[in-house]
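Some notes on the structure that comes next.
Each reported figure results from applying straightforward, stated rules to the coordinates on display, with no laboratory input. Values in this document were obtained by computation on a predicted structure and should not be read as measured data. Every residue, glycine as well, gets a Cβ built from its backbone with ideal geometry; the counts of neighbours run over all protein chains shown.
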Amino acid sequence: MPNRREFLQTGAVVSAIAANGVIVHSAHAVGANAPIALGSALYDDRYAEGRRFAAVAGGRGVATRPLDDGDVTRSYEELEQLWRREPAAIAGFTQFGPMFVIERLALERGMRLALRVEHCAARPDALAHRLTGPRDTLALAAGFDALHADWPGLMATIAFHVAHDDSPQRFSEIATPGLALPAREPRAAPLAPFVHYYAPHAEQQGHGPALDGPLYSWVVAPPLERG
Amino acid sequence: MPAPPPGVSNTDFAAALRKLEAAVGPEWVFKSDEDVALYRDAYSPERDEPTERLASAAVAPITVDQVQQVVRIANEHRLPLYPISTGKNLGYGGSAPILSGSVVVDLKRMNRIVAVDEGRCSAVVEPGVSYFDLYRHIQERKLKLWIDTPDPGWGSVVGNALDHGVGYTLGQYRDHFGSHCGMEVVLPNGELMRTGMAALASDASWADYKYGFGPYVAGLFGQANFGIVTKMGFWLMPEPEAYRRGTVHVPKRRDIVALVEHVNHLENLGLIGMPGFRSPLGFAQAREPELRALVAKPGGPTDEELDRFAEAKGVASWSVELQFYGPEKTIAANWEYAQQRIGAAIPGSRFDDGVSYRFPLSATQQAEVQRVHRLVDIGIPNMSIFAIAGGRTPQNPDSADGGQFYFAPMIPRTGEAILEANRVLGQAYRDAGVPYNQYFSAPACWHYRAFIMITSLPVSRLDPEINRRSRAAFRALAQVAAEHGWGEYRSPPFGVDLVAGAYSFNDHALLRFCETLKDAIDPNGIIAAGRGGIWPKHLRGSRA
């Protein structure tokens, strides 16, 4: 039986991690707060990593919804209506903009961003994962000081173990050596580009299409109800 | 308890908060750090610095009567209030006050669509109604009406108009304050006033005629602090039979002068909606190192050099997208007229037919349109602007993870003004150490009779140096622009005094007039200190 690190470094799929109980046991070990119950997951399907995130999340029984070519409009409208009736936790794997929109909407509905993981190429020859979230969740993630290639699947799994904890959020950083920032995949039938008057600064300066920024895994959740 | 506003004692602040709780219900007065933090400006270029504008508390009334009570309580305790509709004017302050310590009056709960009249093409709404809300209301009732929406569409119809916000369709609708008709305002003494026809005992003609009788005072409530607007009427656009788009390309750099003249003519006659000028040659820089070298050479390129390059590569120097709204046959004829007129005047002009639609769109068509078109052009609110990628390039690595704010000077609506503004501002940007697309920047045409040479300046949540650089650039640019007669039409909070100060004719007679009004109407200075650069007397020395 491999230990946790050996298991992760084999590159085995993360859904199997939950199946053999490694994360579940770890989560229970590090904190007393119950995990947030996710209702759905939103993802950017232009990235293989986004689809992997959704596959793992969907495998755990939540409804998954892709953005429309990166556009969060439809999800915003649906959540705006849904959250008027009742708050519901949601996980996501998106660029900054859609996360920002959902976070702002959540704040207006009395919810908050419970977990935010920025995936960025900030270290030489490594993909950095910058986590801001509850102590228990970060303690869980910190056990994996080097995430393997299936980090999107691991992020989806961690999303299901975000502790229901309103205490001040902590920050930590871990890395995946040998990987770069995910790249959008070219579409078989490219869509006409959106032309915005509020184009990114770089585009306005004639530097051509802007590069992708970091990607984010995140969880939005209602506040902890105290008895 | 949070720290009290400036000039208010802890005792007074506590007493005021208790009264606010009694007025609106304790659950609608926000005073915990966690709740008040929600009113931070998400795009603040002063984030985490001592100057960041922060609220002391917030209160969310749901009725006009509650707004009046809030204002009366504020007068009793000299409590500075900062009303917001939904607080979505990102880049211009969001939901944060200009004066730190103000109590935000959050009007999101006042979200009634009071009336929509299909026959008279109008609506009356409260400040918490978003563009999505109004659009949904119209769609659900299958009314043959369009709204004109800004980008993105989650903001308040009232708030956007009061901030002189803009949209994308025909001129009389995309000027959102200009398309309002009648408003209801809680004055700083708590009294309720209406303007235009809404001031009649019966408001049956509220949204039909702006002026009513006597002076037109509604303008005093846009970008200002003379009251809290609780309802506004708006003129809506009848759903057109069809929409089509066409693009005009002109070969030479100085063709922009004639091109603007002809496009102005088309728009002044009401034949087109908002034009969209661009420089295909400018976009070619990304793939043409020779062009980049030409632009970077000392002294810059001559017009002739740019024209030679454009001709050799078969790239237009400028283009303009024209939008047509109306009966299918009529707009086809208008596009044909535009081609004939511009083709005869500018040798080498080329014309591309663009998309065309008939309305109403089916759900399938709408899904298709959503993927290939700017929905704002056809009055559909959306959030696609947030799909824009991270905004970094190797040449310009500044992060946009904290958003942006805008330098937005108004210039005359001529081609000569575009070229002159690019020359002047290009030098100013260089002096400020900020890259600028000097030879190819095109204006935004949101406002009907003037151009806006808008540029975004990056904001970072993590790197205060980026924010300091952006603020310094804004100050330098605003000063240079003012010297050339180009004032900003909006401003981020840190820039309101600088921008207001540029409107300085006759020793700032305009600002002094506004201050005189402020002292008379709001002697306690409780409403939105600093908005529009107008400060109450007791704060006039501090400024933003």
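Each helix, a run of at least 4 DSSP H residues, gives -39500 (n - 2.57); summed and divided by the residues of chain B, these come to -10000 deg cm²/dmol at 222 nm. If you wrap the tightest convex hull around every Cα atom of the protein assembly as shown and split its volume per residue, you get 168 Å³. Here the relative contact order of the range A:33-123, from alpha carbon pairs under 8 Å that lie six or more residues apart, stands at 31 percent. Once a ≥ b ≥ c are taken as the square roots of the eigenvalues of the Cα gyration tensor of the range B:1-153, is the result rounded (a/c under 1.5), prolate (a/b larger than b/c) or oblate (a/b not larger than b/c)? Note, shape of the range B:1-153 comes out oblate. Sorting the segments B:81-89, B:311-319 by their residues' average number of neighbouring beta-carbon atoms within 10 angstrom, most packed first, yields B:81-89, B:311-319. Please compute the net charge surrounding B:Met274, taking Lys and Arg as +1 and Asp and Glu as -1 over other residues with Cβ under 15 Å from its Cβ. The answer is +1.
Its relative contact order, with pairs defined as Cα atoms under 8 Å and 6+ residues apart, puts the range B:123-266 at 26 percent. Once the Cβ-Cβ distance of B:Lys297 and B:Arg120 is raised to the sixth power relative to R0 = 56 Å, the FRET efficiency obtained is 0.40.
Shown for the range B:111-205 is the translational diffusion coefficient from the Stokes-Einstein equation, using the Kirkwood radius over Cα pairs, a temperature of 20 °C and a viscosity of 1.002 mPa s: 153 µm²/s. 3J(HN,Hα) along the range B:243-255: 9, 8, 10, x, 10, 10, 10, 10, x, 9, 4, 7, 5 Hz, from the Karplus curve 6.51 cos²θ - 1.76 cosθ + 1.60 with θ = phi - 60°, whole Hz, x for Gly and Pro.
Against chain B, whose longest principal axis comes from its Cα atoms, helix B:464-483 is set at around 70 degrees. Put simply, the amide H of B:Trp446, placed in the peptide plane, has neighbours under 5 Å in B:Ile452, leaving out anything fewer than 5 places away on its chain. With contacts taken as Cα pairs under 8 Å and at least 6 residues apart, chain B reaches a relative contact order of 16 percent. Between the amide H of B:Ser122 and those of B:Asp117, B:Leu236, distances stay under 5 Å, these residues lying 5 or more places away or on another chain, with hydrogens modeled in the peptide plane.
Only lysine pairs 8 or more places apart or on separate chains count here, and in the protein assembly as shown those with Cα atoms under 16 Å apart total 6. Taken about its Cα centre, the protein assembly as shown carries a charge dipole of roughly 120 debye when the Cβ of each Lys and Arg holds +1 and the Cβ of each Asp and Glu holds -1. Calculated on the Cα set of the range B:447-487, radius of gyration then Dmax: 12.9, 39 Å.
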